[in-house]
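Right, one structure below, let's go through it.
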Amino acid sequence: MSIVTNEAATMTAGALQTLMENYGDDVWNYAYYLTRSRSAADDIAQETFIRAYKYMNTFRGEAAVRTWLLQITRNRWLSYRSSSFIRRVTLQESAGGKSFSPSAEEVYMQQSLSSEVWKIVLQLPRKHREVLMLYAHYGLSMEELAGLLDISLPAAKSRLHRARQKAKEGWEKELGKS
């Protein structure tokens with residue numbers, strides 16, 4: 001990709017802007033999907049691009065730029081989730097029964113032809129939902145999935161298979177209601 005020169009492995013401000021324009025929506029939507037909070041997604045997306053700018057020299061080109069950015073986003077979310085402040089705030093919000101508004105991806109999927117399928121997918125446990133979202137919506141390869149989720153390739157294949165199986169069971173259950 002022409003965003004970064006391999007020789008210098010540095011990023012200019014213009015290259016950062018291009019990176020944000022090309023992948024900003026993907027990063028923000030994934031952050032929102034993980035956090036279910038607009039403000040947290042804003043923070044995580046901002047931190048993702050700051051880290052990408054700061055650590056561009058660590059990008060080895062073994063994965064696509066989007067996959068690398070989604071990995072940074074996931075790592076930022078894991079750090080965000082494990083902070084003691086967030087755990088206390090999340091526990092208090094959960095106790096209050098605060099509901100979350102749907103993400104941009106959820107709204108789009110609900111309006112598309114496959115909205116019923118995505119409704120079933122969004123009801124799956126997080127690890128199954130996440131692998132289906134990354135594979136189907138973001139189009140990541142199995143190798144990219146394994147790397148992003150920090151699991152082995154066979155584990156990624158197995159998780160995707162189980163997620164598909166659970167989605168199929170949910171779909172059959174939904175068809176039985178009709």
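Quick grid of which residues meet (1) at pLDDT 80 or above; (2) in contact with a Cys (Cβ under 7 Å, 6 or more places away or on another chain); (3) of a type in the set (V, I, T); (4) open to solvent by 60 Å² or more (accessible area, probe 1.4 Å):
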{"position": "N6", "(1), (2), (3), (4)": "no, no, no, yes"}
{"position": "T18", "(1), (2), (3), (4)": "yes, no, yes, no"}
{"position": "A52", "(1), (2), (3), (4)": "yes, no, no, no"}
{"position": "S103", "(1), (2), (3), (4)": "no, no, no, no"}
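When you scan the stretch 80-94, do you find a residue that is modelled with pLDDT of 85 or more, crowded, with 16+ Cβ neighbours inside 10 Å and assigned by the TED database to the domain that holds Y32, even just one?
So in the stretch 80-94, the residues modelled with pLDDT of 85 or more come out as 80.
In the following step, the residues that additionally are crowded, with 16+ Cβ neighbours inside 10 Å were identified as 80.
Of the ones still in play, those that are also assigned by the TED database to the domain that holds Y32 are 80.
Yes; the residues of the stretch 80-94 include at least one that is modelled with pLDDT of 85 or more, crowded, with 16+ Cβ neighbours inside 10 Å and assigned by the TED database to the domain that holds Y32.
Taking the criterion of being surrounded by 13 or more Cβ atoms within 10 Å (Cβ to Cβ) and closer than 22 Å to L69 by Cα, would at least one residue in the stretch 162-171 satisfy it? So that I can check it myself, show each step before the final result.
Quick first cut of the stretch 162-171, residues surrounded by 13 or more Cβ atoms within 10 Å (Cβ to Cβ) only: 162-164, 166-167, 170-171.
Applying the additional criterion that residues be closer than 22 Å to L69 by Cα yields none.
Taking every residue of the stretch 162-171 in turn, none turns out to be surrounded by 13 or more Cβ atoms within 10 Å (Cβ to Cβ) and closer than 22 Å to L69 by Cα.
Regarding the stretch 137-160, can at least one residue be identified that is on the phi > 0 side of the Ramachandran plot and modelled with pLDDT of 85 or more? Lay out the reasoning, then the answer.
Step one: list which residues in the stretch 137-160 are on the phi > 0 side of the Ramachandran plot, which gives 139, 150.
Remaining after also requiring modelled with pLDDT of 85 or more: 139, 150.
Checked the stretch 137-160: at least one residue is on the phi > 0 side of the Ramachandran plot and modelled with pLDDT of 85 or more.
The values are calculated or read from the model by the stated rules, or taken from the named source; none is laboratory data. Just so we're clear, the structure is a prediction, and the values are computed from it rather than from any experiment. Don't worry about glycine lacking a Cβ; one is built from the backbone with ideal geometry, like all the others, and counts go over all protein chains shown. SASA here: full protein model, heavy atoms, side chains in, ligands and nucleic acids out. Shrake-Rupley method; radii C 1.70, N 1.55, O 1.52, S 1.80 Å.
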